[in-house]
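Down below is the structure, laid out as structure tokens.
The values are calculated or read from the model by the stated rules, or taken from the named source; none is laboratory data. The structure presented is a predicted model; accordingly, all values stated were derived computationally and were not measured. Positions of Cβ are backbone-derived with ideal geometry, glycine not excepted, and every protein chain shown enters the neighbour counts.
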Amino acid sequence: MLRQIYIILNDNIIYQRNYAKGLDDSLFTNVYLNIKKAAFAKFADVIRSYEFFEFKLSYIVEKSLNLIFLFVTGLGDEFKNIKPQLSDFRKEFLDFYHDNIKENNLKIVTEILDPIVDNIHRNLKPKISIVGFSGVGKTTTTKLIKSEEIPMQHIPTITGEVATIKIGKLHFFLWDFAGQDQFDFLWEKFIRGSDAVLLMTDSTLENLEKSKYFFLLVNKEVPYARLAVIANKQDLPEAMKVEDIERLMGTKTYSFIAIDPNNRPKMIRIIADLLDMDAKVSPLLKPIFERDTLMDKAQKALELGEFNETVEIFEKISNICLELGDDSLAIELQEKADKLRSFLG
Amino acid sequence: MITKRVALVGKPEVGKTTIKKVIFEGEDPNELVLFPLEATIGIKYSVHEFMDMKISLLDTPGQSLPILLQDEEKQIASFENTGAIIYIFDYPTWITDSQDIIDDIQTLYKINKKHDFGSKIVLFLHKVDLLIDKKIGSRLDLIGKQINKQLDLPEDFPIYFTSLHPNLIYTIYNAISDTFSNFSEDSSKLKEIIKKTIKHSSKTICFVSNREGNLIIQSSSPDFDTTTLYYLYEKIYQFSKTPEQPLSNNKFINAGSKLLCMIIEDIGKFHPSFKNLLFFSETLKENDLNEFINEIEKELGQIYN
């Protein structure tokens, strides 16, 4: 998935778009100096790709203009797919701005560039896979996201289905897998190229134990995909608690009720949270942004010894987390608030 | 000054030489990540000063690891008189090919026993920056336990999670300094004192950092929640980076799933190898921790004054 795009002219960032967490400012400075050195070396390739920790950095350089286009993607994105996007983007950009750069009066119009870049995001096929055994609610969730009528009767999915979902202006491809064992030979193929994998469970112990199989599949086929367990059917009395599921599975777990149509934004937020999407991408992501801002605030208050304020913020975040389906974090923060309160006496 | 030999062992391209270059030769990790080094050919020796001793470091070529693990003569040449054998493996290989790594470590264990080298085997799980997980503390803890379980050997090996990522660079410094400090007499003495002091406490951990801000001692009560460790390392590193920030108000620290009471004391006056003594506890209050510090300082005073 495309996480960031930078255009750098004469060592200045003239355009930047963030879709998800990528290089922060200090990291960018560090990386840029090294890339510049490589890109402007005498016989260097014009277009290249590097793995840089959890990211893949791909660039194309216009030496005569001292211009670099840099894409930050996940490690799962293949350079052969990124390459044509880089070339096209350079061409499109230069068609527009070449003369301006030459004449030294460059004015970037984001209204023009943003849609082009959004399209690159789409062309790189950001993929979310929903896996899990039969009857746990994968198709219901897919339908929920697509805002289709929610099936109240279980109709097994044959092989798989692809839908698109939109987060803000961005398109994601959602792959819904057939959960029956007789299709398991297909799973390996279907899961490839996933940026995020949602392991759907019905929150029963039996299903959870069985579902650990999918960890092997994910590790083998898409080791760099982001993985979360969805504890579906939390409305049923026999459902295990989210924090217990998280402990059992050792993976981030979100609570969910797929048959509730009001949960559509919740699922979108879960996906965005998992991918560390930038909050500006969609107004729906506001709670995530709020949570992160409050976390920083709580951290500062705690460091300054303002414990009353910290308690208040912790409880605020705890409520947001419940809304986000992050029950275990909600409980953690409530416990922390209680602990501080007891200290205050 | 005593000299200790330490051997770096691991498969090709896991980053043995890169670690050495970043830590001891001050090279830029970003550059080394973008422009990888050539394979090491033949064993490379280098000597480095650390605390009250000299460390003689052996960098073994990954390509010849299979030979090293079979050829007794080479083993004796490489591992005889080594204080520690550091086996470095990376996270991507661990998840795709864990059995191969388990085999390597088990063989190393057997070699160490057979020749009676008496080396400490230490594991570095490198490139943990590739483990993107919202619950990273629990994940690392889980992986650590899994590794020792799968190794199925009479003793558990210390496992350090390391990375050269600019935001995680302290992990590799901590891993190296903690491993090396085990050979230092000064640090061993202090470690004993700390162990004795916190022996009967619950859910409490103590660290000692050196002037560079790296951890040289870590000692905890057995019931300490190790999933918070990763966050503690990060916080300690941040403190060491911003010494101008007053620590007096920092009574509590947010470490992953837990809120811990914390206290810091500068013990540099006793020995130049030490800097901060840090306590974190889930159950104990500030006063209790202060008492620990008093006790430890009293004993240090007797040794060094």
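Only helices (runs of 4 or more DSSP H) whose full extent lies in region A:69-148 are considered here, and the ones with at least 3 residues that are over 25 Å from residue A:270 (Cα atoms) and either without any contact (Cβ under 8 Å) to a residue 60 or more places away in the chain or not assigned by TED's automatic domain parsing to the domain that holds residue A:223 (or both) are A:79-102, A:110-123. Selection of strands (runs of 3 or more DSSP E) fully inside region B:158-270 by the criterion of at least 2 residues being away from every other protein chain (no Cβ under 14 Å), surrounded by fewer than 20 Cβ atoms within 10 Å (Cβ to Cβ) and out of contact with any Pro (no Cβ under 7 Å at 6 or more places or on another chain) returns B:258-266. If you filter region B:271-305 down to residues that are surrounded by 18 or more Cβ atoms within 10 Å (Cβ to Cβ) and of a type in the set (Gly, Ala, Ser), you find that the one that is farthest from the chain's Cα centre (by Cα) is B:281. Only one of the numbered conditions (1) buried (at least 16 other Cβ atoms within 10 Å of the Cβ); (2) within 25 Å of the chain's Cα centre (by Cα) is not met by residue A:299, and that is (1). Consider region B:57-90. How many of its residues are part of a helix (DSSP H, G or I), buried (at least 21 other Cβ atoms within 10 Å of the Cβ) and of a type outside the set (A, V, I, L, M)? So the count comes out to 2. In region B:116-143, the residues that are polar (S, T, N, Q) form Cβ pairs under 8 Å with partners that are in a loop (DSSP other than H, G, I, E, B) and modelled with pLDDT of 85 or more, at six or more places apart or across chains, as follows: B:138/A:250; B:138/B:256; B:138/B:257.
Here is a yes/no grid of residues against (1) more than 14 Å from chain B (Cβ to nearest Cβ); (2) in contact with a Phe, Trp or Tyr (Cβ under 6 Å, 6 or more places away or on another chain); (3) not hydrophobic (A, V, I, L, M, F, W, C):
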| position | (1), (2), (3) |
| --- | --- |
| A:178 | yes, no, no |
| A:199 | no, yes, no |
| A:230 | no, yes, no |
| A:246 | no, no, yes |
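Rundown of residues vs (1) within 30 Å of residue A:163 (Cα to Cα); (2) touching a Gly at 6+ places or on another chain (Cβ under 9 Å); (3) β-branched (Val, Ile, Thr); (4) modelled with pLDDT under 95, yes/no style:
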| site | (1), (2), (3), (4) |
| --- | --- |
| A:261 | yes, no, no, yes |
| A:266 | yes, yes, no, yes |
| A:307 | no, no, no, yes |
| A:320 | yes, no, yes, no |
| A:336 | no, no, no, no |
| A:339 | no, no, no, yes |
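Going by the structure shown, is residue B:121 at pLDDT below 95 and either within 14 Å of chain A (Cβ to nearest Cβ) or in contact with a helix residue (DSSP H, G or I) (Cβ under 9 Å, 6 or more places away or on another chain) (or both)? The answer is no for residue B:121. Taking residue B:284, is it part of a loop (DSSP other than H, G, I, E, B) and either more than 23 Å from residue B:51 (Cβ to Cβ) or touching a Phe, Trp or Tyr at 6+ places or on another chain (Cβ under 7 Å) (or both)? So residue B:284 fits the description; yes.
In a residue-by-residue description of region B:167-176, the property of being farther than 30 Å from residue A:254 by Cβ, under 12 Å from the mean Cα position of the chain (by Cα) and of a type in the set (S, T, N, Q) applies to at least one position.
Does residue A:67 satisfy the condition of being modelled with pLDDT of 90 or more, over 24 Å from the mean Cα position of the chain (by Cα) and either more than 14 Å from chain B (Cβ to nearest Cβ) or closer than 21 Å to residue B:35 by Cα (or both)? Considered against the rule, which asks whether it is modelled with pLDDT of 90 or more, over 24 Å from the mean Cα position of the chain (by Cα) and either more than 14 Å from chain B (Cβ to nearest Cβ) or closer than 21 Å to residue B:35 by Cα (or both), residue A:67 comes out as yes. Residues of region A:241-258 that are in contact with a Leu (Cβ under 8 Å, 6 or more places away or on another chain) and surrounded by fewer than 24 Cβ atoms within 10 Å (Cβ to Cβ): A:248, A:249, A:250, A:251, A:252.
Out of region B:112-134, which residues are of a type in the set (Asp, Glu) and crowded, with 20+ Cβ neighbours inside 10 Å? Of everything in region B:112-134, just one residue is of a type in the set (Asp, Glu) and crowded, with 20+ Cβ neighbours inside 10 Å, namely B:129. With the condition kept exactly as written, say whether any residue in region A:282-293 is in contact with a strand residue (DSSP E or B) (Cβ under 6 Å, 6 or more places away or on another chain), under 30 Å from residue A:205 (Cβ atoms) and either within 14 Å of chain B (Cβ to nearest Cβ) or of a type in the set (S, T, N, Q) (or both). There is no residue in region A:282-293 that is in contact with a strand residue (DSSP E or B) (Cβ under 6 Å, 6 or more places away or on another chain), under 30 Å from residue A:205 (Cβ atoms) and either within 14 Å of chain B (Cβ to nearest Cβ) or of a type in the set (S, T, N, Q) (or both).
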